[in-house]
Amino acid sequence: MESPFPFSQYVTGNKFIGRKQDVTLLGNLLSQGEHISIYEPPKTGKTSLIQQTLFSLRVTGKIFSVGQFSAMNIRTPEEFLLRFGSTVLKMVASSPSELEALVKQQLQGTHFVFDGADFTQTGQAVSVGWPLDKSDAMAMLRLPFSIADERQQNMILIIEEFHCIGNLEDPDSILRPLSAVIKEQKGRNFSFVFSGSAVNAMSAILKDNILFNRRVERVRLSPVPEEEMTEHLHHGFLTSGKVVEKRLLQGVYNLFRGHLWYIHHLIAIADSMSRGYIMEPLLVESLESLVSIHEPAFRAVMNGLTTHQVSLLRATLDGVTRFSAADVIRRYGLNSSANVKRVKEALMKKEVIMLDQNDNPVLEDPLFEYWVRKYYFEMKD
């Protein structure tokens, strides 16, 4: 039986709640051929927003091709370019003969080739004949623009976990030619969508890096209103013959700061444990179950922090914003303002904290924040 509280896959249609303005904004930008970045903490609805936007565009009669791949497990520039090229080519061709013709036409003069054996064995539409050079990278990154302009076909390429480009030995071997290609291309038939769950790493690449300054539009996820979320959850319970007070659902919403995945996961646990009227003790038990699932990962995070990083994390939870103040440095044993800066940057690099819209540090993960408060620091409510 399909759960009214899905959390294991993205949602579209009547299961997609809130963020209508985000869908409209993203749809308008894609229709204009803009390049987009979407970076928010993990499991906050990035993929759902993208897929709902594509669904809405199709409903309005827009015709376009979509390709998608993840950079999560890519460790070399060659891997990135091959996966990039294979994805783009498969957006417009499928048979070996079509793919071979496209490679010969679009990548002539490069070290990329179509290898029938590779395609049969791995599904890879493009292979490497010889070691790649800078001109090969430029040619490959121009490929979707060239195909879209030549065919007058609207194309969208979604690159998930784009921040993992930073794991390459030389990230600039991809980022610099990618920036140059985006700058030189003036067509409106092709758009990149760069998606990532490491907020600080994505910001370092696309916001703070002059290479992409003003060339990629960031779309932020709006919070789903509390009233709409609680109504959605309340209705979900009613459809399965169960009753819960809305004030309890509001408490769940506030605990997780509107984080849809955690909310749905906790409510799904409660739904599986109940038969009729859902009381507060059941939700507390469900929360304990959810915490137990994630606790090993949370312990690993804390075990990987230095003493100063733990101290700064505690200060953040205490609501401190002026970390370099003398009394704060003394109270939390942070040594000096220079050390504070290094520790803060380290916590951001580890994606433990991020800066809110007022540039104040906050913990990225609301369940981690709950666990750290209650179980690690044993702070009183």
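The values are calculated or read from the model by the stated rules, or taken from the named source; none is laboratory data. Remember, predicted model here, so these are calculated numbers, not experimental data. We place every Cβ from the backbone using ideal geometry, glycine too, and count neighbours over all the protein chains shown.
Pairs linking a residue in the range 25-42 that is without any contact (Cβ under 8 Å) to a residue 40 or more places away in the chain to a residue that is of a type in the set (A, V, I, L, M, F, W, C), with Cβ atoms under 7 Å and 6 or more positions apart or on different chains, are Gly27/Leu57.
Going by the conditions given, is Arg83 touching a strand residue (DSSP E or B) at 6+ places or on another chain (Cβ under 9 Å), among the charged types (D, E, K, R) and either assigned by TED's automatic domain parsing to the domain that holds Val113 or assigned to a helix (DSSP H, G or I) (or both)? Yes: the conditions hold for Arg83. The criterion of at least 1 residues that are more than 27 Å from the chain's Cα centre (by Cα), under 27 Å from Asn28 (Cβ atoms) and of a type in the set (S, T, N, Q) is met by the following helices (runs of 4 or more DSSP H) wholly inside the range 95-200: 134-151.
Could you list, in sequence order, all residues of the range 213-261 that are on the phi > 0 side of the Ramachandran plot and either in a helix (DSSP H, G or I) or touching a helix residue (DSSP H, G or I) at 6+ places or on another chain (Cβ under 8 Å) (or both)? Arg257, Gly258, listed by residue number. Being in contact with a His (Cβ under 9 Å, 6 or more places away or on another chain), touching a residue at least 40 places away in the same chain (Cβ under 8 Å) and surrounded by fewer than 19 Cβ atoms within 10 Å (Cβ to Cβ) is a description that does not apply to Glu228. You will find that of Arg322, Arg331, the residue that is of a type in the set (D, E, K, R), free of Cβ contacts under 8 Å to residues at least 40 places away in the same chain and assigned to a helix (DSSP H, G or I) is Arg331 and no other. A single member of Val320, Val310, Val343, Val352 is crowded, with 19+ Cβ neighbours inside 10 Å and over 23 Å from the mean Cα position of the chain (by Cα), and it is Val343. Across the range 276-312, the qualifying residues are those that are in a loop (DSSP other than H, G, I, E, B) and not hydroxyl-bearing (Ser, Thr, Tyr), and the one among them that is modelled with the lowest pLDDT is Gly276. Kindly indicate whether any position in the range 279-286 is touching a residue at least 60 places away in the same chain (Cβ under 8 Å) and on the phi < 0 side of the Ramachandran plot. There is no residue in the range 279-286 that is touching a residue at least 60 places away in the same chain (Cβ under 8 Å) and on the phi < 0 side of the Ramachandran plot. If you take the residues of the range 257-294 that are aromatic (Phe, Trp, Tyr) and either within 16 Å of Gly45 (Cβ to Cβ) or outside the structural domain of Thr239 (by TED's automatic domain parsing) (or both), which of them is surrounded by the most Cβ atoms within 10 Å (Cβ to Cβ)? Among them, the one singled out is Tyr262.
Of all residues in the range 53-72, those that are within 18 Å of Ile147 (Cα to Cα) and either of a type in the set (Gly, Ala, Ser) or more than 17 Å from the chain's Cα centre (by Cα) (or both) total 5. Pairs are defined by a Cβ separation below 7 Å, a sequence spacing of at least 6 or placement on different chains, a first member in the range 63-76 that is under 14 Å from Gly166 (Cβ atoms), and a second member that is surrounded by fewer than 18 Cβ atoms within 10 Å (Cβ to Cβ); the pairs so defined are Arg75/Asn167.
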